[in-house]
Amino acid sequence: MAKLYIGILLLAPLVFSTFQFFWGLENQKNQELLKASLSKFVYTTQFIVSIYAFFSIESQHLSVSFIHLQHYHYDFMFFLDKPYFAIATIFSLLFMLTEKMSFNYLHAEEEHSKFYSLKMLLNFSLMAFSFSQNIDFLYFCWEVVGITSAFLISYFYRRNQAVENSLFAFSIYRLCDAAFLVSALLLYHYYKVENISQVATGTNSTILGLLLFITIMGKSGVYPLSAWLPQALEGPTPSSNLYYMTLSTHLGPLLMIKTYSLWGDSVIVKSTMIVASLITIILSTISARSQTNIKGALAYSTLSQVSLILIEIALGFHTFALIHIGLHVFHRLAQMALSPSIIDQHNLMEKLSVTRPTDIVQGSLYFWGLNGFGSEKIVLKLFKFMLMPLVLFHNLEIRILGQVFEEDEEITQHRLARSAK
Amino acid sequence: MENFKERYKAILGEEIKMLPDQAPLEHFVHHNNLHHFESVLFEQAVEKSYLDYGKSPYMPLSYYRDKAKSGDIHQKVFSKVLSSNGINVDLELENFIFKTLYNYKDIEQVEFYIAEGMCQDLSSGFWKNMDRKQTALWDLIEKLEIKQQLQQYPDFHVNRSPNKTSLSIIPFLGVMLDQGQAEFQLANHQRENVWATFLFYLGSIFNKELLHRHLEDIPVCRDQVEVMLEKKLKGYTDQELLQKLRIELNMLPGWAGMIYKMSKNKEVIPRREVYMTLDDYLLMRLILNEIHAINTEVEFTQVNPALLVKMNVFNYVSTQDKSEERLEDLLKLFSDISPLKLRRIFQKAFEITYQEKILSGISRKKNKLIGESKYQMFFCIDDREASFRRYLEEVSQGAIATFGVAGFFGFDMMYQKVGEPRARRLCPPAASPQYLIKESGNSYKFKFARFIHYSHSSFIRSATAGFLTTPWRTLEFKFHLYAPRMKRKFMENMRFSKLDQIHYESEQKEENGFKLGYNPQELAQRVAGILKGAGLVKDFAPYILMIGHGHDSFNNPHVSAYRCGACSGANAYPNAKVFARTANDPKIREILAKDFDLHIPAITYFVGGYHDTCNDDVQLYDIELEKMSEQDQKELKAILLQARELNAKERCKKFYQAPKNISPTNALRFVEERAWRIAEPRPELNHATNSLCIVGRRELTKDLFLDRRAFLVSYDPEIDGDSAILAGLLGAVIPVCAGINLEYYFSKVDTENYGSGSKTSHNVTGLMGVMNGIRGDLRTGLVWQMVEYHDPLRILFVIEAYQEQIEKIIQQNEQVKNLITNYWISLALVNPKDHSDITVYKNNQFVTADLPESAINTYESSDKVPTGLDTPVDIAYLKGLKHG
């Protein structure tokens, strides 16, 4: 039974996303309804399965053999537990709601198909991320989330700014992913651990914990790596909503919960997390309040809540943190979805307005907050002096990947010229 | 000193004309994007803006070629336009020009390379696949020289993606123009002392040493701005100064235009005072350029248009197997037709094809007299009301006669709703209202909502509201998504209280410089103006309904653009209500009879109403009060329901996602749901495809299917002896309709520069504009989803009037004269005595139209017409019903 649940949750989106990629990425209006219905079907199935499993299943480990050679074998290991099915339920519900939103919203857009395929791929990687216990598979899912995210930031790839911001976000992802990779290598080769729920003797929880915390700093926007998040809101509203208000940002806390057994006994890690999160809370709430645009305000506001969740995790309240995630994502989802009507909302509330023409935040503090307390500058300096080669490498990489989606104009012209003759 | 100031002012004054002239979103009014250039010929104006600023003048050739394929551009018309441009060619060559010359791939390629700055690569790959004979031909062609001066591409290309200066100044601009969106606001004195605040801002983004080096350049107060500007720009020659200003302003045209608009026109500022001026902005940019060490020099792009011409000659000769003798002639001919010129010719042919179809349809139509009717209904002239009027007349079988008047019904007022702190104008943008009308009554507002709303940015409220209200909030959100209709009906019952008092009678007081209410004489004057303008001076029906129109859709920042254009983007129900109540007043009727010679019988009863063009809802006010019998109410409501359903069905034919063969009842449900969906960028298609305005009696347009493309204005030439009515009418109608039409035209031909791109990624900022991302330019103009289905045609005015009347009006009214004589609109006159006699305005004179016969289908009734997105029907006859 357990295998069936996992099979449906993971394979359904994988199959359909592959299918959609092969379908072609040019938007054809008559395929829109079909694609939307398919994804609706997948998400609804996931929702039903995960809710059923939540009530029926007992927590158990599941191991699926993938490669078995003479000297080498690789097993996918999953831990099926009620909290993870709860998360899967929330995720699939989020996808259902976003799906309903985006069908009309993105009608006739040039990049419609790209959005659908990437969203399905994201769904797969999130589901796998929830249940998986292999650290390398976790790393893979984590990467896929980053890549799809970068592609959707540059959804309007004809605008330079969108592409630049996409690159910026992606660079920060990769910078932090390096820490993930190092921790994975450490676990494999130094401590001989491949399942994150095993605790091998002799692991240095401080080093592992700090590495994992650096990993999540990027996606969860812990200061000073927070500047990319508001800038990443370049894509269409449903995709910004899905990634930066709800899923991608809350993936960090989830990883910390999953790997708690690896770093839970280190006081240094916990105190680092608490201090860094507190700083983020204070700075990003000031930033959020000084933003004059709605998406920026929501982005900073999300950051402060995610940091609060991180503090809860560091203090050991894991169930509470999970509930907090579950409630907070829906709260933000609704706010972001309603963000275009901010003027109407404001009119409705005008007499009760709590905006303060204030002298408290005199001068500089206010303006620092406006630009995210120089976080962008700090990150850029980091890149400039330490990781220039890395950025260059990824720059190249994203360009190569970007070309996949764009037909080479010259080739087209050759072909046309030939067919004309 | 004097010299520089004058030069600067003169050049800036010219450059400002090209900035977008859009007010904050709540005051969105359709206007001609190039309205400063109306005194110049249309073609000159758009092409100047293309060559100097890179904004497209016409659609790309591919668009016209598609239109030619679908029959919307006739080759006959094309060849006529071609020869009127001095190009006379034989049929074969004409075919080549019509179908293949400058095949769009080439054009887009060139534009792409210009944008990327690599023009040398233009032709690489072009001759890779040639055989030997072709290579020889190409060598021959390449050696030839082209003598003509070809200027067909913009001089330079302003890269619109923000540079460092723009990125660092946008947050500051956001703060200075914010209308109250951010939770932390600068105090008023901080906003007033722009430069002190700017220094603070610089302190937050640059380190001290860097700032100290540039401290001398930063003015301390407003008085020093001019001196500093002079210091920075003194050395520039006129040409350099022009280019400098042009580049700096066009880096962020949206923000620059908004700063200018807000600093000049205080009326459009919704909430908070704005102190920044365009001079401040320019100086800030110059300072930031220096700090960032950015050198914004013009990059001239070297385009080689001759190459393109040669490629086409080669194409022609090699594909048509022509001899190579006439190469030089061909070269000369093709270089005469630059791509720009070809697009101009196609645009002209596109317009003329449409006009000939419409005019020949009108000239050959047999008019029927309209008999007596039980209801007379007044609508706005809006093109979206045209189909609704048609259905009302059809369904009621002649019991309803309709009229089209400007939707503010003559009451030029500022209107203050219950619970709103500010009044807003309910009259055309050109009018200057002097009267303030207030509403009183109960209003219900959610106090609870505030708590949630402001958890947008506050940490503690996010944390608490996130926990406490999320279940409720999620449920509400699901209703928004899955059952928008149910949700809306529930909300309506909760929120809107029963109305309310409107204080429109004069109180002999003034408030904020506005008179409170009208005195009886003024009221009567307005009522008489409307009735006479529409030609209704006798045969009053028992019931006269005044239907204002508006639009309500959910989650749509551009909602004002969908509302009544004659009310400056507001819902027009107060005007209708005031009109009806006024006209029912016995005192007013006395004055009307005495001073205006309008004898309204005592049994006539006026009813105010409101039509929502998005969900096709019609509300009638005050009918339950008196006079209208229950039976009549029932009858009227039944007719309205049926007409609404049929109208919704016709609209559904153009919604891609509506099912085919939807039943009228379901169609009404469909449009209702569509209006209230949470994420719907096309709640309705708005004015898309508008292209026609007919001024005349209803007989002229009755039983004519115009596919919701026409503004219909009622006017009776027979009661207008000295053409004073027509002058008043055209003075209002032509600028409004031309404004709407031209804004659609420009947003369609260049969605990125004139329009505001796709709506899906817009981010509302400062409660006054939208931008892409958190640090982008303000996007002005219409969104892509609004103009997606629009055909960029200049509007055709068909006026039922004599030539002398129009000539007189052209002389009197400067704006109308500019629009007509510079061809921003097309004009055709229908002789009031003989409707088949049509003259058009062409080459600066009126000439009798030469209309070809074209087959026009006749249908049983409007709902039988097979119109739709793929198969538009420009004009068709309806059999109609027999009238009394």
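Since every read-out is calculated from the coordinates, none of them should be taken as a lab result. For clarity, every value in this text was computed on a predicted model and none was experimentally measured. Every residue, glycine as well, gets a Cβ built from its backbone with ideal geometry; the counts of neighbours run over all protein chains shown.
Which whole-number percent is the relative contact order of the stretch A:237-335 (Cα, under 8 Å, 6+ apart)?
On the way: 84 pairs, mean separation 36.1, N = 99.
Normalised by residue count, the contact order of the stretch A:237-335 is 36 percent.
So for the pair B:Val418, B:Asn519, with labels modelled 7 Å out along Cα→Cβ, what separation do we get in nm?
3.1
Quick one: if you stick a label point 7 Å off each Cα along the C-beta vector at B:Gln320 and B:Asp66, how many nm between them?
Placing both labels 7 Å beyond Cα along the Cβ direction yields 2.7 nm.
So which trypsin sites (Lys or Arg not before Pro) in the stretch A:138-188 pass both tests, a DSSP loop state and at most 14 other Cβ atoms within 10 Å of the Cβ?
Answer in residue order: A:Arg158.
Please go through the stretch B:561-668 and write out the trypsin sites (Lys or Arg not before Pro) that DSSP classes as loop and that have at most 14 other C-beta atoms within 10 Å. Working shown, then result.
Working: sites: B:Arg563, B:Lys577, B:Arg581, B:Lys587, B:Arg589, B:Lys594, B:Lys627, B:Lys634, B:Lys637, B:Arg644, B:Lys649, B:Arg651, B:Lys653, B:Lys654, B:Lys660; in loops: B:Arg563, B:Lys627, B:Lys653, B:Lys654, B:Lys660.
Sites meeting the loop and neighbour criteria: B:Lys660.
Where a Cα-Cα gap under 17 Å defines reach, which aspartates and glutamates qualify for B:Lys208, not counting those fewer than 8 residues away within the same chain?
Excluding near neighbours in sequence, the set is B:Glu216, B:Asp217, B:Glu290.
List the pairs from B:Lys577/B:Lys879; B:Lys261/B:Lys489; B:Lys374/B:Lys515; B:Lys232/B:Lys261; B:Lys654/B:Lys833 whose alpha-carbon separation is above 30 Å, in the order I gave them. Could you put the intermediate results ahead of the total?
Numbers: B:Lys577/B:Lys879 35 Å; B:Lys261/B:Lys489 39 Å; B:Lys374/B:Lys515 37 Å; B:Lys232/B:Lys261 25 Å; B:Lys654/B:Lys833 37 Å.
Check vs 30 Å cut-off fails for B:Lys577/B:Lys879; B:Lys261/B:Lys489; B:Lys374/B:Lys515; B:Lys654/B:Lys833.
Past the 21 Å Cα-Cα mark, which pairs from A:Lys377/B:Lys231; B:Lys69/B:Lys99; B:Lys76/B:Lys357? All intermediate terms of the calculation are to be shown ahead of the outcome.
On the way: A:Lys377/B:Lys231 32 Å; B:Lys69/B:Lys99 9 Å; B:Lys76/B:Lys357 13 Å.
From A:Lys377/B:Lys231; B:Lys69/B:Lys99; B:Lys76/B:Lys357, over 21 Å: A:Lys377/B:Lys231.
Quick one: Cα convex hull volume of the protein assembly as shown, Å³ per residue? Display every interim value, and only then the final one.
Numbers: hull volume 257.6 nm³, N = 1305.
So the per-residue hull volume is 197 Å³.
What do you get for trypsin sites (Lys or Arg not before Pro) in the stretch B:14-76 restricted to DSSP loop and a cutoff of at most 15 other Cβ within 10 Å of the site's Cβ?
Details: sites: B:Lys17, B:Lys48, B:Lys55, B:Arg65, B:Lys67, B:Lys69, B:Lys76; in loops: B:Lys17, B:Lys55.
Here the trypsin sites (Lys or Arg not before Pro) that fit, given the DSSP loop and packing criteria, are B:Lys17.
May I ask for the net charge around B:His549, where only other residues with Cβ less than 10 Å from the Cβ of B:His549 are counted and Lys, Arg are +1 while Asp, Glu are -1?
On the way: positive: B:Arg384, B:Arg563; negative: B:Asp382, B:Glu385, B:Asp612.
That works out to -1.
A:Ser65: net charge of surrounding residues, Cβ under 15 Å, Lys/Arg +1, Asp/Glu -1, itself excluded? Provide the component values of the computation, followed by the final result.
Values: positive: A:Lys3; negative: A:Asp75, A:Glu194.
Cβ neighbours under 15 Å give a net charge of -1.
Using a/c under 1.5 as the rounded threshold, could you call chain A rounded, prolate or oblate? The axes a ≥ b ≥ c are square roots of the C-alpha gyration tensor eigenvalues, and prolate needs a/b larger than b/c, oblate otherwise.
Values: a/c = 1.31, a/b = 1.01, b/c = 1.29.
In terms of gyration-tensor shape, rounded.
Given q = 0.07 Å⁻¹, what are the Debye log10 I(q)/I(0) values for chain B, with equal point scatterers placed on the Cα positions and solvent ignored?
Normalising to I(0) and taking log10 leaves -0.64.
Can you list which of the DSSP-assigned H helices in chain B have a Cα extent of 24 Å or more along the long axis and an average Kyte-Doolittle score of at least -1.0? Don't skip to the answer; put the middle values down first.
Numbers: long enough: B:339-363 (35 Å, -0.14); B:630-652 (33 Å, -1.07); B:724-749 (37 Å, 1.41).
For chain B, where a helix must reach 24 Å along its axis and average at least -1.0, the hits are B:339-363, B:724-749.
Please state the charge dipole magnitude for the stretch B:613-740, taken about the Cα centre, from unit charges on C-beta atoms (+1 on K and R, -1 on D and E), reported in debye and rounded to the nearest 20.
Numbers: 18 positive and 21 negative charges, 183 e Å.
The dipole of the stretch B:613-740 has a size of about 880 debye.
Under a Cβ-Cβ cut-off of 10 Å, what is the net charge of the residues other than B:Ile740 that fall near it, where Lys and Arg count +1 and Asp and Glu count -1? Don't skip to the answer; put the middle values down first.
Details: positive: none; negative: B:Asp382, B:Asp383, B:Glu743.
Taking every Cβ under 10 Å from that of B:Ile740, the sum is -3.
For the pairs B:Lys55/B:Lys264; B:Lys637/B:Lys660; B:Lys478/B:Lys637, note any where the Cα-Cα span goes beyond 30 Å.
Numbers: B:Lys55/B:Lys264 25 Å; B:Lys637/B:Lys660 27 Å; B:Lys478/B:Lys637 33 Å.
Distance filter (> 30 Å) returns B:Lys478/B:Lys637.
Where both residues lie in the protein assembly as shown, what percent of DSSP beta bridges are antiparallel, nearest 5?
Values: 41 of 84 bridges.
Roughly 50 percent of the DSSP beta bridges within the protein assembly as shown come out antiparallel.
Taking a ≥ b ≥ c as the square roots of the Cα gyration tensor eigenvalues, with a/c under 1.5 meaning rounded and otherwise prolate when a/b beats b/c, else oblate, which class fits the stretch B:335-437? Before the final figure, lay out each step's value.
On the way: a/c = 3.49, a/b = 1.27, b/c = 2.75.
It is oblate, given that a/c is not under 1.5 and a/b is not larger than b/c.
Alpha carbon centre of the stretch B:202-270 versus the stretch B:8-62: separation in Å?
After rounding, the separation between the Cα centres reads 22 Å.
Only Cα pairs under 8 Å and at least 6 apart count here; give the relative contact order of the stretch A:1-88 as a rounded whole percent. Before the final figure, lay out the partial values.
On the way: 69 pairs, mean separation 25.1, N = 88.
Dividing the mean separation by the residue count of the stretch A:1-88 yields 29 percent.
B:Lys634 to B:Lys374: FRET efficiency via 1/(1 + (r/R0)^6), r the Cβ-Cβ distance, R0 22 Å, to the nearest 0.05? Intermediate results must be reported in sequence, preceding the final value.
Working: r = 13 Å, r/R0 = 0.61.
After rounding to 0.05, the efficiency reads 0.95.
Determine which residues of the stretch B:809-837 fall in the zone a paramagnetic label at B:Ser39 would reach in this model, i.e. backbone nitrogen under 13 Å from the point 7 Å along Cα→Cβ.
B:814-815, B:818-819, by backbone N distance to the label point.
About the Cα centre of the stretch B:182-292, what is the dipole size in debye to 20, counting +1 per Lys and Arg Cβ and -1 per Asp and Glu Cβ, all else neutral?
Values: 15 positive and 16 negative charges, 51 e Å.
My answer is approximately 240 debye.
Hey, what did chain B get for relative contact order, percent, Cα under 8 Å, at least 6 apart?
On the way: 1386 pairs, mean separation 149.2, N = 884.
Relative CO of chain B lands at 17 percent.
Between the stretch A:281-296 and the stretch A:142-180, what is the separation of their alpha carbon centroids in Å?
The stretch A:281-296 and the stretch A:142-180 have Cα centres separated by 22 Å.
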